[in-house]
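Read-outs: derived from the displayed coordinates by stated rules, not from any lab. Since this is a predicted model, take the numbers as computed values, not measurements. Because the Cβ atoms are built from the backbone with ideal geometry, glycine has one as well, and the counts that use them run over all protein chains shown.
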């Protein structure tokens with residue numbers, strides 16, 4: 001197994017490690033969840049860079065890399081929904097787009113069509129990662145503030161929930177926009193294969 005593919009699979013493993021940390025009743029669980037998410041996000045950067053520089057790009061990596069990204073994001077966002085930080089409907093919008101685009105991408109790959117990454121897709125990914133980092137940082141600060149810095153109160157909690165919802169809305173909007181762009185690209189690519 002190549003190093004890029006190992007990093008891709010490790011991102012999926014880290015996503016499943018993140019889930020219990022979100023709900024573990026332990027002082028440092030939330031900071032650990034933040035560290036795990038950062039580590040998983042870094043594997044996304046390094047697996048692509050190593051694959052390109054070492055000429056280790058593979059069909060397995062091309063398929064599994066976006067799937068690993070979606071597993072990480074959806075695991076994190078569904079955790080936020082279960083905690084009541086983000087509304088369920090918002091996470092379902094993101095989930096529906098990610099599953100639909102992934103299934104379509106796998107379908108067109110079987111037809112020999114490779115869909116390149118889009119600008120809208122990159123904007124979507126950045127917005128999702130920023131939202132996840134923001135929520136995880138606030139959760140980490142809130143979890144340790146009770147013991148070491150007792151400054152957290154209802155006002156900060158309300159601000160945190162409102163700002164998290166706003167960022168979640170932006171992420172959902174970028175996700176929908178990129179989903180529409182993907183559908184347009186799929187349609188064009190399929191037309192080219194039949195022409």
inquiry  = Tell me the relative contact order for the stretch 3-194 as a rounded percent, counting alpha carbon contacts under 8 Å between residues six or more apart.
reply    = 27 percent
query = Relative to the longest principal Cα axis of the chain, at what angle does helix 59-82 sit, 0 to 90 degrees, rounded to 10?
reply = 30 degrees
key: Highest average packing first - 36-44, 99-107, Cβ atoms within 10 Å   = 36-44, 99-107
message = On C-alpha positions alone, give me the angle between the axis of helix 29-53 and the longest principal axis of the chain, in degrees, nearest 10.
response = 20 degrees
query = For the stretch 32-140, which semi-axes, largest first and in whole Å, follow from the square roots of 5 times the eigenvalues of its Cα gyration tensor?
reply = 26, 18, 10
note = Checking rank on 129-140, 69-80, with mean other Cβ inside 10 Å and highest first, the result is 69-80, 129-140
task = Report the full-extension gain for the segment residue 152 to residue 2: residue separation times 0.36 nm, less the Cα-Cα distance, to one decimal in nm.
result = 49.4 nm
query = What angle do you read, to the nearest 10 degrees and between 0 and 90, between the alpha-carbon axis of helix 119-148 and the longest principal axis of the chain?
reply = 20 degrees
Alpha-carbon centroid distance for the pair the stretch 127-149 / the stretch 155-178, whole angstrom = 14 Å
inquiry  = Can you divide the C-alpha Rg of the stretch 119-193 by 2.2 N^0.38 Å and report the result to two decimal places?
reply    = 1.60
key: Spin-label pair residue 96/residue 170, simplified geometry with 7 Å Cα→Cβ offset, distance in nm   = 2.4 nm
ask   = Relative to the present Cα-Cα distance, how much length would full extension add between residue 184 and residue 57 at 0.36 nm per residue of separation?
value = 43.1 nm
